[in-house]
Amino acid sequence: MGFASLSSGVIARIMNGDDVVKPVLQILAIKKINSNADAERYRILISDGKYFNSYAMLASQLNEMQHKGQLDEFTIVQLNKYVTSMVGKDGAGKRVLIISELTVLNAGAEVKEKIGEPVTYENAAKQDKVAKAAPPVVPKKEVTQSNNNNNNNITLNASIGAGMTHPISSLSPYQNKWVIKARVTSKTGIRTWSNPRGEGKLFSMDLMDESGEIRATAFKEQCDKYFDMIQVDSVYFFSKCQLKPANKQFSQLNNAYEMTFTGETAVQLCEDADDGAIPDIKYNLVPISEVSGMENKAAVDTIGICKEVGELQAFTSRTTNKEFKKRDLTLVDMSNSAISLTLWGDDAVNFDGHVQPVILVKGTRINEFNGGKSLSLGGGSIMKINPDIPEAHKLRGWFDNGGGDNVANMVSARTGGGSFSTDWMTLKDARARNLGSGDKPDYFQCKAVVHIVKQENAFYRACPQADCNKKVVDEGNDQYRCERCNALYPNFKYRLLVNMSVGDWTSNRWVTCFNETGEQLLKHTSQEIGEALENDPTKAEEIFSALNFTSHIFKLRCKNEVYGDMTRNKLTVQSVGPLNHKEYNRHLLKELKELTGIGSSSN
């Protein structure tokens, strides 16, 4: 099937004031934008096959066509009526193409691809300048890696000087002569790997311009070269990267491709990044209370006050002697909810929470374990402390006026869809009321004393990755396989699974503590506990015996579970804290009033 021919080269003429009758162009991208008026407006990236214009807008009467899906990517249209107008003060702004009437000639679903290799229309008057700036051809035998890098930088500079940049949405593996101007929206830390095929390092970043987003990864030498140079929220020019189909297992960006740095890659900081051409990072901030209803492993943006700061925890791999460090924070917000956020590496070491700062996180990963939801600042996440945005100022005012004093919804101790209650209850009452016998778990809190702590099977060896706690299989030769990650590692991390008997004045019950609550109660990291249990029985005995006969406030999850043909009522520790005498006395007074029938009275 034939498609309408594009009016090649007309965009430069139109934007320079020529009156071109009914030009035929192709839509490469379209997105909704904010305007000063309340009316809905759409901005489009449009091409004539030779040049493109990213400063084009639909008149509002054409919005209905967009709503009906008639102006999708790759659609070929004929412009019947249009005008150009300067936007900005004193004529120093951008010339914008405003389209008021058009006809769809070929639907994007039929065309399915970008036509030609268009560049920005501003290049039309600058081609001679680019040709003069291009470096001379070097005989093949004289070319070295250094010369290649120099030539790439010269070509990049020439392209930048001529305004020859391409939109991210136009990139594909079938072209290699391009330069993009993009903002770094996120950047991972350096990750290392070691396997029978070799070892290496890498880091990844997400790039964004007005047309879309793309993931880029730098390996080995390129990792060393660019990691310190490239910073989040800065704008750079990129060229000479290899494009390949995106691995959706590691990137959720809306792009079919991703980029890999090569020895020819050139990167240059954009000095005039505030010209408005590249959008700022956008945050889709979600209240903490809504995180409980989101999917496990989903990415989320949220903002909260750091109410509590945990101790820095460090653990070292026995096989690689590599040290891992983490720190847990508790964030609260105006939804009267709290959630745990885990920091890793340098973020954990350098964090100063004494001033209880406002913390904004973007792209942080939701982890669900035993029904609770927590956040982990992993690779690709962004954390900003005391950001200068209205949401942060509002949150600070709320907290400074006592807003965080009565947070009742502990998301990190909550199950999706289940009820969560912090009602005081004795262990005997919990059994008498058949808690946990329904389809969903029940929750309660009690004051109890630890009687016995089992050392047997108190830990397991888990995947060393921060976002995975799957038990590993010992393959021998100091290699451990994680079935979930489908990967082989030279090390593992210890995870706690502690069973202990607790009792109050009415009854005794066995409860299970998982990693975070186990570390809190035993006052040692899981790594220290695991190594002691395996290598130093005397130290292990000291650690575990120190917990005996200590009193705590336990928040417990109660659920019937089936083992073979038997049903057992299981209690799991969701959180644990020291005895708050004021709160506990308030509970006892309430109980006394209910028992005696005495109404509330003033102090």
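The values are calculated or read from the model by the stated rules, or taken from the named source; none is laboratory data. Because the structure is a prediction, the values reported are computed rather than measured. Glycine gets a Cβ as well: all are built from the backbone with ideal geometry, and neighbour counts include every protein chain shown. Calculation scope for accessible area: heavy atoms of the full protein, side chains included, ligands and nucleic acids excluded. Shrake-Rupley method; radii C 1.70, N 1.55, O 1.52, S 1.80 Å.
Observations
- When the strands (runs of 3 or more DSSP E) confined to the range 344-385 are screened for residues that are of a type in the set (Val, Ile, Thr) and under 14 Å from Leu331 (Cβ atoms), those reaching at least 2 such residues are found at 358-369.
- The listed residue being β-branched (Val, Ile, Thr) and either touching a strand residue (DSSP E or B) at 6+ places or on another chain (Cβ under 9 Å) or within 13 Å of Ala458 (Cα to Cα) (or both), out of Thr538, Thr517, Thr596: Thr517
- Filter result for the condition that a residue is outside the structural domain of Ser501 (by the TED database) and surrounded by 12 or more Cβ atoms within 10 Å (Cβ to Cβ), over Lys559, Lys593, Lys555: Lys593
- Conditions (1) open to solvent by less than 30 Å² (accessible area, probe 1.4 Å); (2) outside any helix (DSSP H, G or I): number failed by Ala532: (2)
- Strands (runs of 3 or more DSSP E) lying entirely in the range 431-521 (those with 3 or more residues that are free of Cβ contacts under 8 Å to residues at least 12 places away in the same chain and within 26 Å of Val411 (Cβ to Cβ)): none
- Here Glu264 passes the criteria (1) in contact (Cβ under 8 Å) with a residue 60 or more places away in the chain; (2) closer than 25 Å to Cys485 by Cα; (3) not in a strand (DSSP E or B) except the one numbered (2).
- Residues within the range 562-575 that are modelled with pLDDT under 85 and surrounded by 12 or more Cβ atoms within 10 Å (Cβ to Cβ), tallied: 2
- Those helices (runs of 4 or more DSSP H) of the range 57-150 in which 1 or more residues are assigned by the TED database to the domain that holds Ile46 and modelled with pLDDT of 90 or more occupy 63-67, 108-111.
- Selection from the range 227-242 of residues that are assigned to a loop (DSSP other than H, G, I, E, B), at pLDDT 90 or above and surrounded by 16 or more Cβ atoms within 10 Å (Cβ to Cβ): Phe227, Ile230, Lys240, Cys241
- Filtered by the rule that a residue be among the hydrophobic types (A, V, I, L, M, F, W, C) and closer than 24 Å to Lys559 by Cβ, the range 337-374 gives Ala338, Ile339, Ile366, Phe369.
- Checking each residue in the range 243-261 for being surrounded by 15 or more Cβ atoms within 10 Å (Cβ to Cβ) and in a strand (DSSP E or B) picks out Leu243, Tyr257, Glu258, Met259, Thr260.
- Selected residue (criterion: most open to solvent (accessible area, probe 1.4 Å)) from residues of the range 429-456 that are among the acidic types (Asp, Glu) and under 37 Å from the mean Cα position of the chain (by Cα): Asp439
- For first residues located in the range 189-205 and within 13 Å of Lys220 (Cα to Cα) and assigned by the TED database to the domain that holds Ala218, partners that are surrounded by 13 or more Cβ atoms within 10 Å (Cβ to Cβ) and among the aliphatic types (A, V, I, L, M) and lie 6+ apart or on another chain with Cβ distances below 7 Å form the pairs Arg191/Leu202; Lys201/Ile190; Leu202/Ala218; Phe203/Ile190; Phe203/Ala218; Ser204/Ala216.
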